[in-house]
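Engineer: Once you've had a glance at the structure underneath, I'll fire off some questions.
The values are calculated or read from the model by the stated rules, or taken from the named source; none is laboratory data. Please read all numbers here as calculations on a predicted model, not as lab measurements. Here Cβ is always computed from backbone atoms with ideal geometry, including for glycine, and neighbour counts include all displayed protein chains. For the accessible areas, the whole protein counts, side chains as well, though only heavy atoms, and no ligand, DNA or RNA atoms are used. Shrake-Rupley method; radii C 1.70, N 1.55, O 1.52, S 1.80 Å.
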Amino acid sequence: MAIIVKLDDLLHARRMTLTELSEKVDITLANLSILKTGKARAVRFSTLEAICDALGCQPGDLLAFDPTLVTPAEKG
Amino acid sequence: MSAPGALSLSRTVLRALVVANVIYGLGILALLVASLVAEGPLFTALGVKQGEGMDRMIRGMRFIAVAGLAAVPIAHVILARLLAIVDTVRAGDPFVVPNAARLQTIAWCVLGLEGLHLLIGAVAATSASSVQPLDIDWSFSVTPWIAVLLLFVLARVFDHGARMRADLEGTV
């Protein structure tokens, strides 16, 4: 997956733990952990909105695209 | 009845039906073999009269026995697939693509059984005559054909739903 989730960096910059974010955005710790470790296959706009609101950031701050990580299967 | 109780009962009933189906198959096979090794006594006991139309009646009854025998593996597939579906419900994850495939297999099997039912009706009609009546209590019903259609539609809906759910997995 060439999409990188930079949640860990944002949390670190804001001195916030995943548990604290989970309480703020009302998303389970398990789901946030899936997102943070890059195991999520899709992100709902509502999730994105809640996280951006809680962390005071833009969606672009949270996600990045690295073309070197595109797998041959994804290229088709 | 609670859901686990109903599931447990379903499994027991299905397992009993699998055994009953095998016994039914063995019975039909025994009848077919008897019709070959003891033709005279068997067909006399079954009420086939000597004389006109006897050969046609015997051929017809043998064909019906063969068709009955052919229904055994088809019924087995239906019961086995149904049992597998019930097992996925017990395991807590029934909305999976393999269950849609199982449902579609069941639909094809029910279609096959209905085909055999029609064939048996046609053979019975051509074998029987006023001299040699054959009462197998056969009648045509639209209901099983609607059930076949329903099963195919449900299998397609199930497949679509299972794929959508698989797609949603990993969504945060």
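Engineer: Starting from the 7 Å offset along Cα-to-Cβ, what nm value, one decimal, do you get for the label separation of A:Ser46 and B:Leu118?
Structural biologist: Using points 7 Å along Cα→Cβ, the separation is 4.9 nm.
Engineer: Measuring with a 1.4 Å probe in the full set of protein chains, what accessible area per residue, in whole Å², belongs to the range B:3-171?
Structural biologist: For the range B:3-171, the per-residue accessible area is 58 Å².
Engineer: How big is the B-A contact in terms of buried accessible area, both chains counted, 1.4 Å probe, rounded to the nearest 100 Å²?
Structural biologist: Interface between B and A: roughly 600 Å².
Engineer: Could you tell me what percent of the accessible area of chain B is made up of carbon and sulfur, with a 1.4 Å probe and every protein chain present?
Structural biologist: Carbon with sulfur: 70 percent of the solvent-accessible area.
Engineer: Determine, from the Cβ-Cβ distance of B:Arg90 and B:His160 and an R0 of 30 Å, the FRET efficiency 1/(1 + (r/R0)^6), rounded to the nearest 0.05.
Structural biologist: Here the calculated transfer efficiency is 0.80.
Engineer: Name the residues whose placed amide hydrogens come within less than 5 Å of the amide hydrogen of B:Ile136, ignoring near sequence neighbours (fewer than 5 apart) on the same chain.
Structural biologist: none
Engineer: Given H placed on each backbone N at 1.01 Å, which residues far from A:Leu63 in sequence or on other chains put an amide H within less than 5 Å of it?
Structural biologist: A:Lys6
Engineer: If you don't mind, there's one more thing I want to ask. Based solely on its DSSP helices, what 222 nm [θ] is calculated for chain B when runs of n ≥ 4 H residues each add -39,500 (n - 2.57) and the sum is averaged over all residues, nearest 500 deg cm²/dmol?
Structural biologist: On the way: 5 runs with 137 residues, N = 172.
Helix-only estimate at 222 nm: -28500 deg cm²/dmol.
Engineer: Let me ask something additional. Tell me what chain A gives for mean residue ellipticity at 222 nm when only DSSP H runs of n ≥ 4 count, each as -39,500 (n - 2.57), the sum divided by the residue total, rounded to 500 deg cm²/dmol.
Structural biologist: Value at 222 nm, helices only, nearest 500: -14000 deg cm²/dmol.
Engineer: Moving to a separate point now. At a threshold of 8 angstrom on Cα-Cα distance, excluding pairs fewer than six apart, so keeping six or more, what relative contact order does the range B:3-171 reach in percent? Don't skip to the answer; put the middle values down first.
Structural biologist: Values: 137 pairs, mean separation 47.5, N = 169.
Relative contact order of the range B:3-171: 28 percent.
Engineer: Just the number, please: carbon plus sulfur as a percent of the accessible area of chain A, 1.4 Å probe, no ligands or DNA/RNA counted.
Structural biologist: Numbers: 2770 of 5050 Å².
Ligands and nucleic acids excluded, carbon and sulfur reach 55 percent.
Engineer: Another one. Give me the residues in the range A:24-43 whose solvent-accessible area, probe 1.4 Å, is reduced by at least 20 Å² once all protein chains are included instead of the chain isolated.
Structural biologist: Those residues are A:Asn31, A:Arg41, A:Ala42.
Engineer: Now, a different point. Calculate, for B:Asp137 and B:Leu168, the FRET efficiency according to 1/(1 + (r/R0)^6) with r their C-beta to C-beta distance and R0 51 Å; round to the nearest 0.05.
Structural biologist: 0.55
Engineer: When all protein chains stay in place, what accessible area (Å², nearest 10, 1.4 Å probe) is found for B:Leu31?
Structural biologist: 80 Å²
Engineer: Would you be so kind as to list the residues of the range B:141-172 that have their accessible area lowered by at least 40 Å² in the full protein complex compared with their chain by itself (1.4 Å probe)?
Structural biologist: Residues shielded by partner chains are B:Gly170, B:Thr171, B:Val172.
Engineer: How many Å² of accessible area per residue for chain A, probe 1.4 Å?
Structural biologist: 66 Å²
Engineer: If the viscosity is 1.306 mPa s and the temperature 10 °C, what Stokes-Einstein diffusion coefficient in µm²/s follows for chain B when Rh is the Kirkwood radius over Cα pairs? Walk me through the numbers before you get to the answer.
Structural biologist: Working: Rh = 18.8 Å.
It diffuses with D of about 84 µm²/s by this estimate.
Engineer: In square nanometres, what is the average projected area of the Cα convex hull of the protein assembly as shown?
Structural biologist: If I average the Cα hull's projected area over directions, I get 21.3 nm².
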